[in-house]
1. What are the residues in region 126-144 that are hydroxyl-bearing (Ser, Thr, Tyr) and outside any helix (DSSP H, G or I), if any?
2. So how many residues does region 69-84 have that are of a type outside the set (Phe, Trp, Tyr), free of Cβ contacts under 8 Å to residues at least 60 places away in the same chain and more than 19 Å from GLY24 (Cβ to Cβ)?
3. Contact list please: Cβ distance under 9 Å, first residue in region 123-147 and touching a residue at least 60 places away in the same chain (Cβ under 8 Å), second residue surrounded by fewer than 12 Cβ atoms within 10 Å (Cβ to Cβ), pairs at least six apart or on different chains.
4. I'm trying to understand the selection: among the residues of region 50-66, which are modelled with pLDDT under 95 and either in a helix (DSSP H, G or I) or over 20 Å from PRO15 (Cβ atoms) (or both)?
5. Which ones in region 2-47 are part of a strand (DSSP E or B), touching a residue at least 40 places away in the same chain (Cβ under 8 Å) and in contact with a strand residue (DSSP E or B) (Cβ under 7 Å, 6 or more places away or on another chain)?
6. Please give the number of the condition THR59 fails out of (1) surrounded by 16 or more Cβ atoms within 10 Å (Cβ to Cβ); (2) free of Cβ contacts under 8 Å to residues at least 24 places away in the same chain; (3) of a type in the set (Ser, Thr, Tyr).
7. Being in a loop (DSSP other than H, G, I, E, B) and surrounded by fewer than 16 Cβ atoms within 10 Å (Cβ to Cβ) is the filter here; which residues of region 72-106 pass it?
8. Residue by residue through region 8-59, note down the ones that are closer than 22 Å to ASP104 by Cα and in contact with a Leu (Cβ under 9 Å, 6 or more places away or on another chain).
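The values are calculated or read from the model by the stated rules, or taken from the named source; none is laboratory data. Note that the coordinates shown come from a computational prediction; the quantities given were computed from them, not determined experimentally. Note that we place each Cβ from the backbone using ideal geometry, even for glycine, and neighbour counts take in every protein chain shown.
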Amino acid sequence: MAAINMVKTIKKVYPNSIIMVKIGNFYYVYDKDSFIFSYLFDYKIKDSEGYPSCAFPLTSFDKITSILKKTKLNYVALNKAKDFEELEKHTENSGEIYDQIYKDAEKVITRSMRIQNIYDILMSEIESEAINDILMKVEQLIKSQSENCVIRSYVKI
């Protein structure tokens with residue numbers, strides 16, 4: 001069974017828990033959990049089987065679970081190689097923390113991904129003659145908005 005399908009099944013039992021799946025030398029988290037991981041641990045979100053996912057090495061497991069406990073997030077760790085055998089779980093807290101952290105994470109990570117996409121597009125056009133016009137328009141837009149938002153002092157407009 002694909003890991004994401006098992007995660008969906010386990011999520012029905014533990015809807016407000018982080019589901020971590022050990023695959024080889026890494027643990028993987030999927031879907032909403034990947035947004036939380038990216039938000040809390042600054043892990044990059046990648047596409048896996050059509051779903052967002054994050055991975056971290058086995059050596060980080062104790063550190064990750066310690067932080068999850070301090071943050072009052074529940075988690076379940078499974079081993080894919082052993083038919084998704086449960087390795088460890090911490091399910092003492094209410095789901096309210098999960099929902100709030102996900103809400104915050106989804107907002108921040110979605111914006112971050114949008115900014116990264118814009119950056120990637122701009123970088124792909126860096127040698128184009130039109131890039132200066134594009135940059136001037138972006139800079140004008142940022143400058144017009146700077147009165148309504150905080151822009152770091154190192155951004156030169």
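1. Result: SER128, single match.
2. Looking only at that region, the number is 5.
3. none
4. GLY50
5. SER17, ILE18, ILE19, MET20, VAL21, LYS22, TYR27
6. (1) is the only condition that THR59 fails.
7. Of everything in region 72-106, those that are in a loop (DSSP other than H, G, I, E, B) and surrounded by fewer than 16 Cβ atoms within 10 Å (Cβ to Cβ) turn out to be LYS72, ASP83, THR91, GLU92, SER94, GLY95.
8. The answer is ASN16, SER17, ILE18, ILE19, MET20, ILE36, LEU40.
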